[in-house]
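The values are calculated or read from the model by the stated rules, or taken from the named source; none is laboratory data. Quick caveat: nothing in here was measured; it's all calculated off a predicted structure. FYI the Cβ positions are ideal-geometry reconstructions off the backbone, even for glycines, and counts take in every protein chain you see. Each accessible area value is taken on the protein alone, full model and side chains, heavy atoms only, with ligands, DNA and RNA left out. Shrake-Rupley method; radii C 1.70, N 1.55, O 1.52, S 1.80 Å.
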Amino acid sequence: MATSPENVAPGRPPRSGVILMAIVLAGSTIEHGLHVGTAQNFPRDLNLAYRPLPVLYDQLGHGFWMPALHTLQQPGGWYNALLALWLHATGPSGIAFSAMGVPWFSLLLIGVARLAWQWRGATTAVAATALVAQLPVLILSSRLGWIHVPEATLVVLAAGVWASDPRLTRPANALWIGIAGALAITLRPSGVLWFLLLGASGGVAGWRAGGVRPRAIGMVLGSWVLAALVPAPIFANYVHGKLGVAERYAGVVPGLGAQLLDQLHVSGIVLVGLGIASLALHRRDSSGPRGGDPLHRLILAGWVLASLAMYAVVHCGLDNFPLFYVGLSMIAAAGLSRGRSGPWLTALVVLAWALGTAGRAYEELTVHPELPSTRVHALLDATCPHRDAKHRCIVVADGGLFVPHSEEPGGLELFLMQEPGVDLYSVGQRRAEGLRPDGLATWQCGAQPASPATDALVSRWGLSPSFEAPVEGCEFRWFTARPAP
């Protein structure tokens, strides 16, 4: 079976492929920026990655260089410092924080396009880029400031560089892979796993190509080992912590099928299913590009299988592993772009991306829901009208102050709202014991009863609800010791 004439082995990419990839990249970047500026989606500290941000912001603002240097040496320090500098230039706000996600998402698409084109040609690159650009899980993760998106971007960019030069014959490639790995490893402890996987895949591919140059290996591994000194002191606790919450995750995280439906939506499932089915049908077809360098196949299979293995052990959401969806999309794109139907199926993927992007842009220009920060601002003004650095407003949250089921009660949001006079605690937090709260935020979601700690807090201090409202399918309640005006 003949292949599409444009789906040729890597060389000079055809003009039509470059134009389509540029349209997808530009359209996705513009739509992402439009969302930041209009919808003003408030970010969330989904895995406690931004706790150093307020500290670094204050340290850099007051010129406390030695304490700032110490904070920089913690996991995620460099990224929080980058955010702190940006927020000093723009002023803390949800818009400014969310704007940082736009270039990372664009770089992710660039990395996907490059890696897919190196593997199976221009048509596959177009299909992979358009598919990744429309997956709801990746779009939402980037908009919410999910720290794993920059992590995945660094991994994909490094993989593309290594795949282009399996033996690392060019020193600049080894240098970039070393730097990207160091940034990812010092960003999150999970970066260690992804770059160990890349190192193993690259080692196998380089050996099959005749061996990786020793100096290049020394440069790469030296950078990674030095970077690993940052998460090393907390790595054991990090792993134990993930294993320790596995049982709790198993009870609240939906099953695999429900997650895939929610995170891919029907359109994504259909496109991925078509791609995998097409790849299976053409598995014996030798007329198209085969991806002679095994690094691509090792990397993509590793991303998918390692993500599923970690999901099986920890039972956390698959959205913790953006590389699962990147790898799955690229594998599907390889099937969608093969055979005589390849150009048509690729056009279908681009059409689905265009319709989805246009639909989201229309909503962003016409629908402006009330932000959680607006509600919280009003409640804080009513409860603690004279709050400042000396007159603290004590707030306790059962879940989160802004959204239900949040591991972090809302410290990042309060910082971006420029609310330095609020001390926020979670229900049951030891530091909050004995403190009389000015406000208590609770959530009633379905038939789920209130926690005993919340009931005890309400009873102990004689709190009563002063505000109630439906939010995100739950009932939000604000308790105070005195009625709201």
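Measure off 7 Å from each Cα along the Cα-to-Cβ vector at Gln444 and Arg431, then give the distance between these two points in nanometres to one decimal.
3.1 nm
Roll a 1.4 Å probe over the protein chains and send me the accessible area per residue for the chain in Å².
45 Å²
Have a look at Leu115, Val137, Trp65 and report the one farthest towards the positive end of the charge dipole of the stretch 43-181, computed about the Cα centre with Cβ charges (Lys/Arg +1, Asp/Glu -1).
Value computed over the given set: Leu115.
Run through the DSSP bridge list for the chain and note the antiparallel percent, rounded to the nearest 5.
Counting only bridges with both partners in the chain, antiparallel ones make up about 60 percent.
Which order do Met100, Met66 take when ranked by solvent-accessible area (1.4 Å probe, heavy atoms of all protein chains), largest first?
Largest accessible area first, the residues go Met66, Met100.
So, with a 1.4 angstrom probe, what is the percent of accessible area on the chain that is carbon and sulfur?
65 percent
How would the stretch 18-175 be classified by its alpha-carbon gyration tensor: rounded, prolate or oblate, with rounded meaning a/c under 1.5 and the a/b versus b/c comparison settling the rest?
Taking the square roots of the gyration eigenvalues as a ≥ b ≥ c, the stretch 18-175 is oblate.
Would you please give the residues with an amide H less than 5 Å from that of Tyr425, counting only those at least 5 places away or on a separate chain, with H modeled from the backbone geometry?
Val395, Val396, Ala397
Could you state the orientation-averaged shadow area of the convex hull built on the Cα atoms of the stretch 253-403, in nm² to one decimal?
Directional mean of the projected Cα hull area for the stretch 253-403 stands at 14.3 nm².
Report the FRET efficiency, 1/(1 + (r/R0)^6), for Gln259 and Trp207, where r is their Cβ-Cβ distance and R0 is 60 Å, rounded to 0.05.
Here the calculated transfer efficiency is 0.95.
Which is farthest toward the positive dipole end of the stretch 176-310 among Met219, Pro189, Leu305, measuring Cα position about the Cα centre, with Cβ charges +1 (Lys, Arg) and -1 (Asp, Glu)?
Positive-most Cα among the choices belongs to Met219.
Can you give the FRET efficiency for Ala389 and Ser459, using 1/(1 + (r/R0)^6), R0 = 30 Å, r = Cβ-Cβ distance, to the nearest 0.05?
Plugging the Cβ-Cβ distance into 1/(1 + (r/R0)^6) gives 0.45.
Compute all pairwise cysteine Cβ distances in the chain, then list the cysteines with no distance under 4.7 Å to another cysteine.
Cys316
Just from the alpha-carbon atoms, what are the Rg and Dmax of the chain in angstroms?
24.2, 77
Taking the Cα centre of the stretch 1-154 as origin, work out the dipole magnitude from +1 charges on Lys and Arg Cβ and -1 charges on Asp and Glu Cβ, in debye rounded to 20.
Its charge dipole is roughly 300 debye.
What's the ranking of 153-159, 377-383 by average number of surrounding C-beta atoms within 10 Å, highest first?
Sorting 153-159, 377-383 by mean packing, highest first, produces 153-159, 377-383.
Label point 7 Å out from Ala301 along Cα-to-Cβ: which residues of the stretch 191-222 have amide N under 19 Å?
Counting backbone N atoms under 19 Å from the label point, the list is 194-210.
Compute, for the chain, the length of the dipole vector about the Cα centre, with Cβ point charges of +1 (Lys, Arg) and -1 (Asp, Glu) only. Units Debye, rounded to 20.
1780 debye
Which whole-Hz couplings ³J(HN,Hα) result when phi for each residue of the stretch 157-166 is put into the Karplus expression 6.51 cos²θ - 1.76 cosθ + 1.60, θ = phi - 60°, listed in order with x for Gly and Pro?
5, 5, 4, x, 5, 5, 5, 6, 8, x
log10 I(q)/I(0), Debye, Cα-only the stretch 425-474, no solvent, q = 0.30, 0.31, 0.33 Å⁻¹?
-1.34, -1.38, -1.43
At 0.36 nm per residue, and after removing the present C-alpha to C-alpha distance, how many nm does the segment from His240 to Leu351 gain when stretched out fully?
Stretched fully, the His240-Leu351 segment lengthens by 35.5 nm.
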